[in-house]
Structures are given as structure tokens and as C-alpha cells.
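Only one structure is covered here, and it is reproduced in the block below.
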Amino acid sequence: MSRDLSVITPFHFQQSGRGDLDAARKRLDACLQSLSIKPDLDILIPTNRKHALSDRVNARFIEDVQPFPVYSPGIARDHAIKCSTTKALFLMDADLLCPPELVEQLSERSQICCHYGLTAFEMYPCLYLTKEETERFDGDFQGCLESFLRGENYRVEGIALASSCLLMNREWFLQLGGFDEQFVGHGGEDLELIDRLTRHYPIGPRPDDYALNIKAQHPGDYQGFRRYFSYYALPHLFAGRFLVHQWHPRPLTHPYHKRRAGNDQLLEQMLSRSEAERGPLKGPVVPCNDLNGELPDFREWMIRVQEETGYPVSEYPGLLRWQDGITLRRPLWRKVRKLYLNPRAFFRDMFKPTSR
């Protein structure tokens, strides 16, 4: 069977408060099941638990030997990609689920990228399911999207328009040098790669605040590179090309998560560099013409895209704010988590106006 696309899905398990191995394998099984409608996909899983996964027959398992005490997903992905032989790559994590509409379109979408040029890529948004929705999820991807768009939070607790779910050319990924191995632990390596991808496939001029690494609950409040990256991703959301994240514990003391603040600072430093400091580009620059090279006001454009696809913002305010009367879920816990992991961001956000 000829295979034209590899799915790269790292699976790493370390017993340190993130749940047990059976729960992690259950999330992986659900991930693989969501891809199973397309049997010609070449699924590669770099893992430190190869022996525990050997009974899964619809994927190739690659022994993942990490050079650092703390796990690096970027290094794991790089290793698997070097073992792949297809022209195109799709990156997705083991705790994600892919809707059948997107699975069916992956090969076609990779051909569209190929038509636009070597450097073209696509980035798909991700919805974060609540713990309760993860436990009862029955494949209702559209229902979860519409719940979030209505401003509800009992099925979906958040969204990332700019995500690590990337479709791209394999040779171009290797030419770019793969993931930056300075990022060890949680976060940063995917956004730094997207920064390089967008430099060779620019959708428009970079804004003055591009280097800002500030998170926001709702995309309407995005700033910096997250807002810029979202110009690539938002239309996919309303075309059904998005994924959902299965909830799992993220303990503050886990060494993987404790690296997040340092990775955030490293990312901000790297994105703040001037063009001279960055050095020469690694290959061709092919403009992404989705917006004809000019970036409209982000909030106005987001509302227009949403309303043109049948979701009037008066009824579906979720990309801008929660629905009136919604009770926020664990707001104190989230604040404590941010204070522990990234005190600089915590105190900076204290003086920001509340999102509306």
C-alpha cells in the first residue's frame, strides 16, 4: 500500500503524578482510533514504552532515547520524522482526537500545500475538553465546537488557534533543521518552529508586538505572535478542520511542566531577535496569499469569518468572551498554577483589564 503522509505522535510516560500508564494508553488508543478510518496513514510513535504498546498494530513504534533527564517532545518528533519516508507530515500529540472530516482531508490538504510551494503549511486549531467531557466524549466534535462558540464551558474549557497540529512537507521540515533542541520539557518548541515556518510562508507583515508571549483565554484578546499565527488557523476551525484535546492531570511539580516558564522566556527572547541576529533564511520565501498579503484588524476579521459561516456573534460570543451568567471553572486553581509556573506572567496579568 502506497503511503503519502506520516502522522507523528510521540508517546512518553514517566510515573510522576500525571496519571497512570493505563490512562495514558487509553488516550493514545482513542487517538489512534480517531485516525483509523484512513488506513493508509503511516503512523509513527516515538516512545519510551515500546514494550507496553506492542499489541497496537496500526502504528509503527520507534524506540525514543532522550539525551536529557527531562523529556523533550521536539527531539522525539525529530527522531520519528527522520525514520519516515513520506513526502508530507502531520504532527499531532497522543492526547488529541482528530475528527473524521479532517482525517479524510489530510492527503488532499497536503496536496494543496504542495501546489502552493515547498514552504506552505497548515495549522489546525485545538479545543480543550473538560474532564467530564473527556470521560463521556462520543465523537461529537461539532457539538463541542458549537458549545464553545456559544460561550459555554461545560464541554470545552479553552481553545488554541495556534497549535502544534501542523501539516507540512517533510523535506522542508528537515531543511529548516527540525525542532530547536534548546526546548526541553513543556512548551515553546512548537511555537518556535511555527515562527520559522511563517517566515518562509508569510501571511502578511509581522506586527510591532510580534514577540509578545502573552496567553489569553479567548482569541479576541490574543496579542503578539499568537494573534499573527491565528490568521493561518482560524478559517480551518469553521471548516471542521480542528482537533480536540483529552483532559489529563498536569501536576505543578512534574519536571516536564516545571520547565514551562523557562521555555516561555527562551521563546520570547528568540522571537525578539532582529533579522540580523537571526542570520540568513534557510530557503525560499513564498507568500501565503490567503489574505492578499495584508492583515485586517484581527477581532473584526475573526467576527466576519465567524458570521460568514453562520455563527452570528450575538448568539456565539465564545471567541470573545464567556456567555453571560457562566460560572468560571476553578479560577483560583488556575491563578495558583500560573503563579507557581510563571510568576512574571502572573503579576503582569494582575494589571491587565479583564477580558470582555
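Here are a few things to note about the model shown:
- Among (i) 1.29; (ii) 1.14; (iii) 0.93, the entry derived from the coordinates for Rg/Rh (Cα atoms, Kirkwood Rh): (iii)
- Per-residue ellipticity at 222 nm from helix content only, as computed over the chain with -39500 (n - 2.57) for each DSSP H run of at least four residues, stands at -12000 deg cm²/dmol.
- Note, ³J(HN,Hα) from phi for the stretch 178-191, Karplus 6.51, -1.76, 1.60, rounded to Hz, x at Gly and Pro: x, 6, 7, 6, 5, 8, 10, x, 7, x, x, 5, 6, 5
- Taking amide hydrogens as placed 1.01 Å from N in the peptide plane, the amide H of Ile159 sits under 5 Å from those of Tyr128, each at least 5 positions away in sequence or on another chain.
- Bridge type composition, the chain - antiparallel percent by DSSP, nearest 5: 45
- In a reduced charge model with +1 at each Lys and Arg Cβ and -1 at each Asp and Glu Cβ, the stretch 5-350 shows a dipole moment near 1060 debye about its Cα centre.
- Mean separation of Cα contacts under 8 Å (6+ apart) over length of the chain, as relative contact order %: 20
- Rounded if a/c under 1.5, otherwise prolate or oblate - the stretch 216-330, Cα gyration tensor axes: oblate
- Residues Trp172, Trp247, ranked from the fewest to the most other C-beta atoms within 10 Å, line up as Trp247, Trp172.
Any read-out appearing in this document is the output of simple, stated calculations on the displayed coordinates, not a laboratory observation. Please read these numbers as outputs of a predicted model, since none were measured by experiment. Using ideal geometry, Cβ is built from the backbone for each residue, glycine included, and neighbour counts are taken over all protein chains shown.
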